[in-house]
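Comments concern the structure below.
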Amino acid sequence: MATLNIGMIVKNEEKRLRATLEALQSLRNAVDCRLIIADTGSNDGTVAIAQEFADIFLQITWENDFAKARNATLAEAKGDWFFYLDADEVLTEPEELIQFLNNTKLQKKYRSITLEIHNLVSEKRDVWKNFSSTRIFRIEPNTYFEGAIHEFYPRQLPFYELKRCHLKHYGYNNDDTVFMQQKSKRNLAIFDARVAQEIPDGSRGAKLLFDYAESLALNDERKEQTAEIVRRGIALLLPLEISDSFRVILLARGYSIMMSVAHNSHRPTECLQMGEEYFNLQPERGLWDMDIYGFLGYAQMKLEDYAAAIENIKVYLQLAQKEKPQELMRNIIFTLDGMENWLCLALVQSYLKLHDYAQAWTYLEQIKDAEVEGIDITAFKWQMALDHDSAEHLPKLYHELREDNREMILQSLPHAICQKDSARQQDIAAGLRQIVHDDEKTLL
């Protein structure tokens, strides 16, 4: 039977750690397993939880280097395989991994194992970003983790791909802005030290700089440094062949980062200029352009170029529905991932400005969230139905409205009806008869 070592580094993780360790229990019961946990300076309840579960518990000094901390756990490993994960990652459906570890023939054939990581992007909107990662590898001499941040273990071929077993990762929930800013500050300290050293050439250096820029973008005090760092990365990419897949994907990522800062700072003209610059530099079109189209379309809507906004947002929505290849997901972080409702609302607003109420209603119906950008979507539909004589929608909408909005709606109806001519008043009144009957109220 194979021996599996599970290595973790932790610090102040009492909120998530117990759930992570309990999820490993069925795996630990089924195979020969050693759990190695290294604490890097916790001052909450993390140490007590870790000691309750760990076979080997270490306390090490944190030196702003994730690879060095990972290598401390790897040094304690004995046997065949090493599986590394974070304190906020929960193993799901481990049976497939158990079957692999109990199959001698399969183990002889492969040197590493990949599985999907499901990253929680937004708990409120239930948005997850999934990508494949090599997290389990055969222990071999003279191999170790690399990278002070976003550390990795060089993939060993051939690799076995788990189809069902995966990790749910809760460490990038953008709803928790305080937590994300704290993580950004921690990462920036590491990046500052790393970027002060020699930067690799080509795509490796560009990726490092873009990772740095993403942390800067999350930091209110330093986000204006983002463009400078991204442009350093772009300069490393431009000498590469235009057909180079890393050049194509990473260039899109770099411009997406800059455009996200311009967008969040309410600078649509700057966002528009960056989008146009990107399209001039990048002749290849593809899924990697998704964010570019989204930011560009929203900026055009804000600048009242509604026809162009509609065209670009529609491209974003089409690309958002397509399956993303693993190479793309590993190298680009979509900043607008899961934002279809927000951009659908921008489409609605653009169509209203062009007096195309039928198309506006079509995209309004596609919005699934109850509230977008602080706008109650059902109340928005109600007002649009009144303003643009879509009376047939009123009875259904009334029953979808929140209870606290219904009285306000009823009180406003007499005034709304009086603004119409007699024929339109009759249409609206017909649409409201069912509401009157159901609520047993007299509106006029």
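Summary table
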item: Residue of 54, 320, 75 that the Gaussian network model of the chain assigns the largest fluctuation, springs spanning Cα pairs under 10 Å; result: 75
item: Total charge dipole magnitude, the chain, about the Cα centre, Cβ charges on Lys, Arg, Asp, Glu only, Debye to nearest 20; result: 1280 debye
item: Segment 30-110: C-alpha gyration tensor shape, a/c 1.5 cut-off, then a/b vs b/c; result: prolate
item: Accessible area of segment 127-213 divided out per residue, in Å², using a probe of 1.4 angstrom; result: 50 Å²
item: Approximate spin-label separation residue 43-residue 314, in nm, with each point projected 7 Å along Cα-to-Cβ; result: 5.7 nm
item: Charged-residue dipole, Cβ positions (Lys, Arg, Asp, Glu), segment 134-191 about Cα centre, Debye nearest 20; result: 160 debye
item: Farthest toward positive dipole pole in segment 93-236 [+1 Lys/Arg, -1 Asp/Glu at C-beta], among 117, 180, 102; result: 102
item: Carbon + sulfur, % of accessible area of the chain - ligands and nucleic acids excluded, 1.4 Å; result: 48 percent
item: Segment 28-182: Lys pairs at Cα distance under 22 angstrom, eight or more positions apart or on different chains; result: 10
item: Gain upon complete extension [residue 175, residue 193; 0.36 nm per residue less C-alpha separation]; result: 3.6 nm
item: Counting DSSP beta bridges with both ends in the chain, the antiparallel % (nearest 5); result: 45 percent
item: Charge dipole (debye, nearest 20) of segment 157-255; +1 at Cβ of Lys and Arg, -1 at Cβ of Asp and Glu; result: 320 debye
item: Spatial separation of Cα centroids for segment 1-26 and segment 49-72, in angstrom; result: 12 Å
item: Listed residues 303, 75, 24: farthest to the positive end of the dipole of the chain (Cβ charges); result: 75
item: Ratio of Rg to Rh over the chain (Cα coordinates, Kirkwood Rh, two decimals); result: 1.06
item: Nearest-0.05 FRET efficiency for residue 244 and residue 22, computed from C-beta distance (R0 25 Å); result: 0.05
item: Highest-fluctuation residue, 46, 362, 269 considered, GNM on the chain with Cα pairs under 10 Å; result: 362
item: DSSP beta bridge pairing in segment 104-222, given as percent antiparallel to the nearest 5; result: 60 percent
item: Two-site label geometry, residue 55 and residue 80: point separation in nm, points 7 Å out along Cα→Cβ; result: 1.3 nm
item: Centre separation in Å (Cα based) which lies between segment 352-383 and segment 176-254; result: 36 Å
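The values are calculated or read from the model by the stated rules, or taken from the named source; none is laboratory data. These figures come from a predicted structure and were not determined experimentally. Cβ atoms come from the backbone with ideal geometry, glycine included; neighbour counts cover every protein chain shown. Side chains included, ligands, DNA and RNA excluded: accessible areas come from the protein's heavy atoms. Shrake-Rupley method; radii C 1.70, N 1.55, O 1.52, S 1.80 Å.
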